[in-house]
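Quick notes on the structure that follows.
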Amino acid sequence: MPESRPHKTTANRIARKYRVEYNQGAGVDIETSQVAVEVEPAESMSDAMRQLQGYRKRVYIAGTSQDAVDKALEATEGTTVGVMDSQGNIVKPSTRKKG
């Protein structure tokens, strides 16, 4: 599936915020020593949870729109996965501890 413009814009914006490169290949979109972020539009939210499995650091789903953020909040309810908006602002903190 080709990458959407909102996905690329959001991923690049958040990567800049964390001073890292956006990873366009396999794996999470943005990764630092402290955080892993998967950027997702509303229609593929279930993919994000799968992508973040196994990370032993704070993990976030960043929604590309308000609709995506709402879906991410639904999908992460009761989990250690946090949620960011398309600007990289934390809407729901990740409670996953570094392992």
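Each value in this text was obtained by applying a stated rule to the coordinates, not by laboratory testing. Keep in mind that this is a model prediction, so the values were computed, not measured. Note that we place each Cβ from the backbone using ideal geometry, even for glycine, and neighbour counts take in every protein chain shown.
Counting Lys and Arg as +1 and Asp and Glu as -1 over every other residue whose Cβ lies under 15 Å from the Cβ of Ala11, the net charge comes to -2. With q set to 0.10, 0.17, 0.23, 0.25 Å⁻¹, the log10 of I(q)/I(0) for the chain, from the Debye formula over equal scatterers at the Cα positions, is -0.21, -0.63, -1.23, -1.49. Within the straight-line cut-off of under 20 Å between alpha carbons, the lysines reachable from Lys71 are Lys8, Lys92, sequence neighbours fewer than 8 places apart in one chain being disregarded.
In the chain, Cα pairs under 8 Å separated by at least six residues give a relative contact order of 23 percent. For the stretch 33-99, GluC sites (Glu not before Pro) are listed when DSSP marks them as loop and at most 13 other Cβ atoms sit within 10 Å of their Cβ; the list is Glu77.
Using only side-chain charges placed at the Cβ, +1 for Lys and Arg and -1 for Asp and Glu, the dipole size of the stretch 48-91 relative to its Cα centre rounds to 380 debye. Sites listed here are trypsin sites (Lys or Arg not before Pro) in the stretch 1-51 whose DSSP assignment is loop and whose Cβ has at most 11 other Cβ atoms within 10 Å: Arg19.
Of the residues Met45, Gly78, Ser33, the one whose Cα sits farthest towards the positive end of the charge dipole of the chain is Ser33 (charges of +1 on Lys and Arg Cβ, -1 on Asp and Glu Cβ, taken about the Cα centre).
Where both bridge residues fall in the chain, DSSP classifies roughly 30% of the beta bridges as antiparallel. Applying 1/(1 + (r/R0)^6) with R0 = 22 Å to the Cβ-Cβ distance of Glu3 and Glu74 gives a FRET efficiency near 0.40.
Taking amide hydrogens as placed 1.01 Å from N in the peptide plane, the amide H of Ala36 sits under 5 Å from those of Arg58, Val59, Tyr60, each at least 5 positions away in sequence or on another chain. About the centre of its Cα atoms, the chain shows a dipole size close to 620 debye [charges on the beta carbon of Lys, Arg (+1) and Asp, Glu (-1) only; nearest 20 debye].
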